[in-house]
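Read the structure below first, then the notes.
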Protein chains: 2
Amino acid sequence: MSKIFRRLVDVVEAVKLLDEALHPSPLGVEKVSLDKAGGRVLAEDIVSKIDVPSFDRSLRDGYAVRYEDTSHAREDDPVKLRIVAEVEAGSDKVLYIRRGEAAKIATGAPIPGGANAVVMVEYTREEEGYVYVYKQAKPGEWIQYAGSDVMYGEPVLRKGTLLGGREIGVLAAIGVTEVPVYRRPRVAIISTGDEIMSPGSPLKYGMIYDVNAYTLYTRLLEDGAEPEYLGIARDSPEELESLLSRGIRNYDVVVTSGSTSVGLRDNLYKVLSKMSGRGILFHGVKASPGKPTMAAVVEDKLVMGLPGFPVSCLMMYDRIFSNIIRRMSGLGMVEKPRIKAKAGFILRGREGVKYYHPVFLKKVGGETYFYPIHGGSGAITALANADGYIEIPENVTYIDVGEVKDVSLFSRRIKPSDLIIVTSHSIALDNLVRDFKSRLSHAHVKVIYGGSTAAVYAVRDGYNDFGGMHILDEATGEYNIPFLKSIGIRDIVLYRGFLREIGFVVAKGNPKGIKGFNDLLKRDVRFVNRTGGSGTRVFIDINLRKVADDQGVSFDEIISMIEGYNIEAKTHSSIVASIESGKADVGVVTRPATIDRNVDFIPLGWENYDFIVNRKSLSSDGVLMAFLKYLESDEAREVLKGVAGIKLDDTYMSLLLEL
Amino acid sequence: MSKIFRRLVDVVEAVKLLDEALHPSPLGVEKVSLDKAGGRVLAEDIVSKIDVPSFDRSLRDGYAVRYEDTSHAREDDPVKLRIVAEVEAGSDKVLYIRRGEAAKIATGAPIPGGANAVVMVEYTREEEGYVYVYKQAKPGEWIQYAGSDVMYGEPVLRKGTLLGGREIGVLAAIGVTEVPVYRRPRVAIISTGDEIMSPGSPLKYGMIYDVNAYTLYTRLLEDGAEPEYLGIARDSPEELESLLSRGIRNYDVVVTSGSTSVGLRDNLYKVLSKMSGRGILFHGVKASPGKPTMAAVVEDKLVMGLPGFPVSCLMMYDRIFSNIIRRMSGLGMVEKPRIKAKAGFILRGREGVKYYHPVFLKKVGGETYFYPIHGGSGAITALANADGYIEIPENVTYIDVGEVKDVSLFSRRIKPSDLIIVTSHSIALDNLVRDFKSRLSHAHVKVIYGGSTAAVYAVRDGYNDFGGMHILDEATGEYNIPFLKSIGIRDIVLYRGFLREIGFVVAKGNPKGIKGFNDLLKRDVRFVNRTGGSGTRVFIDINLRKVADDQGVSFDEIISMIEGYNIEAKTHSSIVASIESGKADVGVVTRPATIDRNVDFIPLGWENYDFIVNRKSLSSDGVLMAFLKYLESDEAREVLKGVAGIKLDDTYMSLLLEL
């Protein structure tokens, strides 16, 4: 019974297979009240059951008359008509006037029978039961005839219309209060994996929070579905099958994330293969990120198998499944928002797959450029920082600087940034940016965290306007200046920033009694190092050389005595987390990285965290210039004074280097 | 205390006055759960309280090792390491390995302390508690370090961000489940007028349904507000004041519609002037439609006074107030969707006001044109048919054919139509269009109802592709052909359509015993005529001439004997409604106009309802050609057979005339 696809398909093929298997279309019709109908999709043509207006209606305050009675009226010689009635708006009196008669009438009031025109009050005078008309009336003048707007039986809105304010108004006008709309597809969401836990309780060691359930929930809502979260299936085929069966039984569609690859714990393919229905439509997509994506039809219900990595999951939902759900909900396919932009930096493709490269947008001299965001498909920051993505086809090795491409935007609201800050992370700089933005609210500022070297090279590569760095030179013991001089970079300016305290991080109470670098040599002390090239690593090695000198042994001998010297963490956080969890006993970090953490800090010295500026980004009216002015202000100094573990001296914002 | 503006302001001035008086900004912060946060606006910067990942994590299935242990590993000469542990994803065991040791590890599992690389399972072989490693590992290989994605203390989302799937995913990843968002402004909606009733019960004579309450309700929801409908204030200052006070007391903003002009029943200005606060900000806007628009600040609350006519009300809400509400809800101002298009027909401005002219869009040979929609600010059909509007500035008298203008679209989903049908209304044609559209779902077909002459002149003016007409020539007794020949129109083709039964409409049971046209001469019979030029009017006059001939008197004598001959209704509906309400006793209409109405129909004969085609709109691959092919199909004939009161003969779809 089951058709099995074990080869990779491309995205277009995947969509085609889904189309052919499902013919996605609305699943049914339900009635909702008019005030709940906004955003829903009309499931039937709406034919008016009334005339609008439903009676001949006066468009002015005045007198309803027979126009032929007024044919001799002149400004200096009025016609005299007997007032036989008065009609207010909302009146339900059915009247009739004959020749020589008139009825006083208000705007919106029903025209009496026998009347064929209204004379505006401005051209009349009323006296003792008579009206003097000073102007000839034209046939039908100031009468809105019944049905002249909408006629009984006229279709006013067509099936498939998305109901907004305008359409809701039309429905109200013809008295429709229960609106036939397409029912929303009910979609069950299942996450998979032993290491996944739902946000809400503190994260346990070795676990990560479930992201995809929330991402998909929100995206499904946007696509007109009614999502429900069934929970997390642990890495057992039985548990997965049980949740899948529940989803298939009670919902229109099931969407899972994770467990779609070909590893030992990837149970989805195995479980779905056994279930009855048309089986697996595809397993594996020629796309990156997103290769482990699959789809199956079980008992006529679509089961989407999305990758576990958040970026892959969201991208594959958007590229392959979003429009399927939109067609089921009646919203219909949408064109994703796109803009044309120039590549600001080289972007490489991936062999044999269509590569969806996350990018951010930057305004440079009136033109919009896109730049790659790195971090991989597992990275949340790629999700948070990207404005959209570009597609690099299978056969394209790279996109060169200056090439114009379509950027698919993550939302229509996205605007290119005016100021890009790629920087080594610092709470002090965060606070400065936040305060600056509150003062210059129209500025689009994007902050991307990388290391110091990433910040510097992003200036060289043209897309970084400003950043913070702290790279120590081993030979001179000086921060930042030697490094910038050594790499041959141009058009960069270095300003003095602030000082950050640096020291040992140890378990609460310092159980191993660490006081100085020579304590790292103790047999029972497990050290965790920083990666080579980082400012902290240079600081560590300078200090270990001093220990070696003191003890009269070589540097190599010293480091061979330190358990964990080769265990190099790429982040301060990794070091703090290693100490917190008990995996290691000591590391070297900045004081701000230990604040509010369950560790102790033992001060060793201060490092310079300085500011770099891209000289090419400077223009007199630019946001960067405004930010530099702000940094020199008393307000900025006040902000810095409020941050723990840092200090300023009077060289703050002095020019250190211009290249 | 009150500042009073009694002069007209333009739209820009109105917005400025509101800005200065209100400084619109979010009204407060509330916490919502993550699954309810989609579409809301973040009220605070979100700083991560965890590292992501929170531990060093394996990116592959394999073995955690010390890379220095593998430095001699070769494809033909493996390194042998002792397996001291096995780590699954989700494991909370804190392990440590030393030199010569390895831990079996799964993708996503925590890296043991002491390990500094992972070797993929593909490059290993396991045997009796040992792993043989066939490839050298690089430092840090396949390890995702704690905090390498998001570091503890890193800001991940900024205040003011609209939360979509992507942002919700980021919040989930860092374990945020209660999200600080701006609270929605609570807005009270009040309608005014004695003639207004809420949809839901049958419409009483002289009443119209409340449209604005529903339009505004839906638009306010879209702008991030929480609207509530307080009901209809009758035309009494006391009732209006009481509802207004309730609104001002319990809500953030009050929006009213109607009662904003300067007539006797327009109480809003008077009532608001007396209330305490900054008073009236403006009363009267230099815009059409929408002149009677006002705003006041009462007890620091904004009161919007919108016009009663639905189109005016919606347009003024959109132009003036929508962005104020959006700024209060934190959504921020949006640029309205616009496209550039060419004027397909002349559009006239209005002196002294900015004129917002409703238009529809049409695709002609790859280019987009806009055409005016007529019907006035009271018309629901203008709302239903328009795709958007263009602004004609105060000092511009007209926009000429071919001028390129910005069209403000009513929604982003709007697409230019491929086929425009301006036509005399017919249920039979409606059914044909519906069936056609169900067969060619990608076609954008717009149907606009006008009379037969409107249909013909819209072909002459270039924007009508197809229509139905039924104009009788008095001299020849022939339908449509003489009329088209007489007006000197070109590039029009006439096809035979179907026959529609025509006859008297009378009250149920025919109480006045109407059998023929001579019965109209009876003293107690009140006739209601059609306007001159309509096919029905010609039919009536032909028959009355016969009565005159039979009786040997002049036509003028005959018509002077008919009560109501000069009461000319512009629509069939007006006639049927006059009979239903008892305002008149007899009129002449087509049978389809009487179906399901509370009247009787007395047959008199058949009229030709024929099809006109704009020859210039024909192109071999166009939607018009497809529609003509459809009309000739058996499916179309089947549809027509199902319609009451019409018939087809074998001349159907034969060519009658080509000009």
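The values are calculated or read from the model by the stated rules, or taken from the named source; none is laboratory data. Please read these numbers as outputs of a predicted model, since none were measured by experiment. Positions of Cβ are backbone-derived with ideal geometry, glycine not excepted, and every protein chain shown enters the neighbour counts.
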All-but-one check, A:I399 against (1) touching a Pro at 6+ places or on another chain (Cβ under 8 Å); (2) away from every other protein chain (no Cβ under 12 Å); (3) within 30 Å of A:V11 (Cα to Cα), failing number (1)
(Q) Scan the stretch B:560-568 and tell me whether some residue there is more than 29 Å from A:V52 (Cβ to Cβ) and not aliphatic (A, V, I, L, M). (A) yes
When every residue in the stretch A:377-404 that is surrounded by fewer than 17 Cβ atoms within 10 Å (Cβ to Cβ) and in a strand (DSSP E or B) is compared, the one modelled with the lowest pLDDT is A:Y398
Residues of the stretch B:38-50 being modelled with pLDDT of 95 or more and over 21 Å from B:D252 (Cβ atoms), in sequence order, are none
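Hey, can you tell me all the residues within the stretch B:142-153 that are in a loop (DSSP other than H, G, I, E, B) and at the interface with another protein chain (Cβ under 7 Å from one of its Cβ atoms)? Spell out the reasoning first.
Our first condition is that a residue be in a loop (DSSP other than H, G, I, E, B); within the stretch B:142-153, this holds for B:142, B:145-149, B:151-153.
Answer for the stretch B:142-153, where residues must be in a loop (DSSP other than H, G, I, E, B) and at the interface with another protein chain (Cβ under 7 Å from one of its Cβ atoms): B:Y145, B:A146, B:G147, B:S148, B:D149, B:M151, B:Y152, B:G153.
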The helices (runs of 4 or more DSSP H) lying entirely within the stretch B:161-252 that contain at least 2 residues which are surrounded by 18 or more Cβ atoms within 10 Å (Cβ to Cβ) and in contact (Cβ under 8 Å) with a residue 60 or more places away in the chain are B:165-173, B:212-222
Filter the stretch B:264-283 for residues that are closer than 20 Å to B:D194 by Cβ and surrounded by 15 or more Cβ atoms within 10 Å (Cβ to Cβ); the one that is farthest from the other protein chains (Cβ to nearest Cβ) is B:L272
Over the stretch A:51-75, the set of residues aliphatic (A, V, I, L, M), at pLDDT 90 or above and either under 24 Å from B:V447 (Cβ atoms) or not in a strand (DSSP E or B) (or both) is A:A73
- prompt: Would the stretch A:535-544 turn up any residue that is more than 39 Å from the chain's Cα centre (by Cα), within 14 Å of chain B (Cβ to nearest Cβ), surrounded by fewer than 21 Cβ atoms within 10 Å (Cβ to Cβ) and in a helix (DSSP H, G or I)?
  reply: no
Those residues of the stretch B:554-578 that are over 16 Å from B:F504 (Cα atoms), without any contact (Cβ under 8 Å) to a residue 40 or more places away in the chain and in contact with a helix residue (DSSP H, G or I) (Cβ under 9 Å, 6 or more places away or on another chain) come to a total of 7
Every listed condition ((1) surrounded by fewer than 20 Cβ atoms within 10 Å (Cβ to Cβ); (2) of a type in the set (D, E, K, R); (3) touching a residue at least 24 places away in the same chain (Cβ under 8 Å)) holds for A:K522 save (3)
Residue pairs within 7 Å by beta carbon, gap of at least six or interchain, first lying in the stretch B:24-35 and crowded, with 18+ Cβ neighbours inside 10 Å, second at pLDDT 95 or above and assigned to a strand (DSSP E or B), listed first then second, are B:P26/B:Y182; B:L34/B:V179
Filtering strands (runs of 3 or more DSSP E) wholly in the stretch B:332-376 for at least 3 residues that are basic (K, R) gives B:338-343, B:354-364
Checked the stretch B:622-657 for anything of a type in the set (A, V, I, L, M) and under 31 Å from the mean Cα position of the chain (by Cα); matches are B:V623, B:L624, B:M625, B:A626, B:L628, B:L631, B:A636, B:V639, B:L640, B:V643
Picking from B:G468, B:G477, B:G462, the residue that is buried (at least 22 other Cβ atoms within 10 Å of the Cβ), of a type outside the set (D, E) and either more than 24 Å from A:D51 (Cα to Cα) or in contact (Cβ under 8 Å) with a residue 12 or more places away in the chain (or both) would be B:G468
Those residues of the stretch B:93-104 which are within 14 Å of chain A (Cβ to nearest Cβ) and either surrounded by fewer than 24 Cβ atoms within 10 Å (Cβ to Cβ) or modelled with pLDDT of 95 or more (or both) amount to B:K93, B:V94, B:L95, B:Y96, B:R98, B:R99, B:G100, B:E101, B:A103, B:K104
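Tell me which residues, restricted to the stretch A:551-574, are in a helix (DSSP H, G or I), closer than 16 Å to A:T531 by Cα and more than 8 Å from chain B (Cβ to nearest Cβ). Please lay out each step first, then the result.
As a first pass, look at the stretch A:551-574 and keep what is in a helix (DSSP H, G or I): A:551, A:555-560, A:572-574.
Filter once more, so that each one left must be closer than 16 Å to A:T531 by Cα: A:559, A:572-574.
Within the stretch A:551-574, A:I559 is the sole residue that qualifies.
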Notebook entry, point to check: Do the conditions hold for A:E30, that is, is it of a type in the set (D, E) and touching a Lys or Arg at 6+ places or on another chain (Cβ under 6 Å)?
Noted result: yes
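Can you tell me how many residues within the stretch B:236-260 are of a type in the set (D, E, K, R), over 14 Å from B:I325 (Cα atoms) and touching a strand residue (DSSP E or B) at 6+ places or on another chain (Cβ under 7 Å)? I'd like the intermediate steps shown before the answer.
Residues of the stretch B:236-260 of a type in the set (D, E, K, R): B:238-239, B:241, B:246, B:249, B:252.
If we keep only those that are over 14 Å from B:I325 (Cα atoms) as well, we get B:238-239, B:241, B:246, B:249.
Add one more test, that the residue is touching a strand residue (DSSP E or B) at 6+ places or on another chain (Cβ under 7 Å), and what stays is B:239, B:246.
Total meeting the criteria: 2.
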Restricting attention to the stretch B:50-92, the residues that are within 8 Å of chain A (Cβ to nearest Cβ) and either more than 21 Å from A:N566 (Cβ to Cβ) or touching a helix residue (DSSP H, G or I) at 6+ places or on another chain (Cβ under 9 Å) (or both) number exactly 13
So A:H23, is it more than 9 Å from chain B (Cβ to nearest Cβ) and at positive phi: yes
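Being at pLDDT below 90, crowded, with 20+ Cβ neighbours inside 10 Å, within 39 Å of the chain's Cα centre (by Cα) and at the interface with another protein chain (Cβ under 8 Å from one of its Cβ atoms) is the requirement here; does B:V156 meet it? Quick ask: steps written out before the conclusion?
On the way: at pLDDT below 90: yes; crowded, with 20+ Cβ neighbours inside 10 Å: yes; within 39 Å of the chain's Cα centre (by Cα): yes; at the interface with another protein chain (Cβ under 8 Å from one of its Cβ atoms): yes.
Considered against the rule, which asks whether it is at pLDDT below 90, crowded, with 20+ Cβ neighbours inside 10 Å, within 39 Å of the chain's Cα centre (by Cα) and at the interface with another protein chain (Cβ under 8 Å from one of its Cβ atoms), B:V156 comes out as yes.
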Of the residues in the stretch A:26-49 that are closer than 27 Å to B:D435 by Cα, under 28 Å from the mean Cα position of the chain (by Cα) and not in a strand (DSSP E or B), the one that is nearest to the other protein chains (Cβ to nearest Cβ) is A:G38
Condition set within 14 Å of chain B (Cβ to nearest Cβ), charged (D, E, K, R) and in a loop (DSSP other than H, G, I, E, B), scope the stretch A:584-638, selection surrounded by the fewest Cβ atoms within 10 Å (Cβ to Cβ): answer is A:D596
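Being in contact (Cβ under 8 Å) with a residue 60 or more places away in the chain and within 14 Å of chain A (Cβ to nearest Cβ) is the filter here, so list the residues in the stretch B:402-413 that pass it. Before the answer, list the steps.
Start the filter on the stretch B:402-413 by keeping residues that are in contact (Cβ under 8 Å) with a residue 60 or more places away in the chain, which leaves B:402-409, B:411-412.
B:S408, B:L409, B:S411, B:R412 - these are the residues of the stretch B:402-413 that are in contact (Cβ under 8 Å) with a residue 60 or more places away in the chain and within 14 Å of chain A (Cβ to nearest Cβ).
Is there a residue being assigned to a strand (DSSP E or B), of a type in the set (V, I, T) and within 11 Å of chain A (Cβ to nearest Cβ) anywhere in the stretch B:113-125?
Restricting attention to the stretch B:113-125, the residues satisfying the condition of being assigned to a strand (DSSP E or B) are B:113, B:117-120, B:124-125.
Still in the list and also of a type in the set (V, I, T): B:118-119, B:124.
Checking which are within 11 Å of chain A (Cβ to nearest Cβ) leaves us with none.
No.
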| message | Just to be sure before I move on: is B:R530 more than 8 Å from chain A (Cβ to nearest Cβ), within 36 Å of the chain's Cα centre (by Cα) and touching a residue at least 60 places away in the same chain (Cβ under 8 Å) in the structure I sent? | response | no
Apart from one, (1) touching a helix residue (DSSP H, G or I) at 6+ places or on another chain (Cβ under 9 Å); (2) in a helix (DSSP H, G or I); (3) farther than 28 Å from B:D596 by Cβ all hold for B:G462; the odd one out is (2)
